[in-house]
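Taken together, the values in this text are just the output of simple stated rules run on the coordinates, not laboratory data. This is a predicted model, so every value here is computed, not measured. Quick reminder, even Gly has a Cβ in these numbers, built from the backbone with ideal geometry, and neighbours come from all protein chains shown.
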Amino acid sequence: EDYLRKLRDAFAGAVRRGSFKDGKGAGQGNGWVARKTRGRNKNIVAPGDFLPAKGGSEDDAPGLVCVNAIYFKSDWASAFTEGETRSHAFHTGPDAAGHAMLMHQRSMLKYAKDEHFQFLEIPYLGEDYCLQALLPVEVLPIQELLSQATPDALANLSRQAVRQEVDVLLPTFELRTRVGLKGLLGRLGAESVFDSRRAELGRMIHARPDAERVYMGSMWQDAWIRLDEKGTEAAAATTSISFPLGCSAENISMPAYFHTDHPFLFFIVHRPSQSLLFAGWITDPEQGARQGTPSP
């Protein structure tokens, strides 16, 4: 009851009974996520996910599935004009180039620049949310870009940014990804939760007297985002399956130019709390639906 109360009060969550053996539990979870993400994320779990852990007995089967979802949709505060979207060269790497459809606008926006990066913030309607973009001064391979784009670098540029006239070229794109989080969380230090011998999740359920431990079997994140002239729509869902064993700058007169014609990072941010809702990178807008990696 203590777990249920905290789930309700802290996360507005609820618990529902489901049948894992006949696959109905998968349908219930997928249906809930589809409703919460307006149909953008539909099939995040499959009946096969509810089979006993590999090498485990029939008793070592899933006892609890946790799902959560986030959905965001908003128009730009200063919209791009559809008639000004044109095909431009896009440098996918230091020695490679293709083409991409880039939107255009010239507006008063928050902008900053240092020796490594340009920073731009484009607000959504109401200005509680914004898109932030980090564009390297040089064309960098994606791994080098990710290593240089530290949280401190982003935070410093965000603090320095001031409103000024900016000429913006930004690609339209649509990305969809599915990422396994077990390995990532393990590298961040959350290893014991996936270890049947060390996990301490037993207070989540009423375990049988002969049950040993409840542990996390897997965790997945599905994300989708579309950005165009009108604004941004994004949705994500995370699923975890638990197994019970036995159970600033000066304004200038000329506009700044923020032309994303090579790989860059993007972030959707809730401004009042500085919470990061979505993050990802674009290496090739024309291949984005297959290669992009948004990460709520």
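For Asn68, what residues show an amide H to amide H distance below 5 Å, using hydrogens built from the backbone and excluding near sequence neighbours?
Thr238
Glu200 to Val179: extension gain in nm, 0.36 nm per residue of separation minus the Cα-Cα distance?
5.1 nm
Give, rounded to the nearest 20 debye, the magnitude of the charge dipole that the range 70-204 has about its Cα centre when Lys and Arg contribute +1 at Cβ and Asp and Glu contribute -1 at Cβ.
Using Cβ point charges on Lys, Arg, Asp and Glu, the range 70-204 gives about 620 debye.
Taking H as built 1.01 Å from N, whose amide H comes closer than 5 Å to the amide H of Phe278, not counting residues under 5 places away?
Excluding prolines and chain starts, which carry no amide H, the hits are Ile268.
So how do 28-34, 134-140, 11-17 stack up, highest first, on mean other-Cβ count within 10 Å?
28-34, 134-140, 11-17
If one computes P(r) from the Cα atoms of the chain, what percent of pairs lie at distances over 28 Å?
When all Cα pairs of the chain are counted, 46 percent exceed 28 Å.
Of the listed pairs Lys21/Lys73; Lys110/Lys230; Lys73/Lys113; Lys110/Lys182, which have alpha-carbon separations greater than 26 Å here?
Lys21/Lys73; Lys73/Lys113; Lys110/Lys182
Does the range 98-156 come out rounded, prolate or oblate, given a ≥ b ≥ c as the square roots of the eigenvalues of its C-alpha gyration tensor, rounded meaning a/c under 1.5 and, failing that, prolate meaning a/b above b/c?
Note, shape of the range 98-156 comes out oblate.
Loop-only trypsin sites (Lys or Arg not before Pro) in the range 165-207, please: DSSP not H, G, I, E or B, and at most 14 other Cβ atoms within 10 Å.
Hits after loop and neighbour filter: Arg197, Arg198.
If each DSSP helix of 4+ residues adds -39,500 (n - 2.57) and the sum is divided by the residues in the chain, what number results at 222 nm, nearest 500 deg cm²/dmol?
-4500 deg cm²/dmol
Restricting to bridges with both residues inside the chain, how much of the DSSP beta-bridge set is antiparallel, in percent to the nearest 5?
Of all bridge pairs located within the chain, approximately 95 percent are antiparallel.
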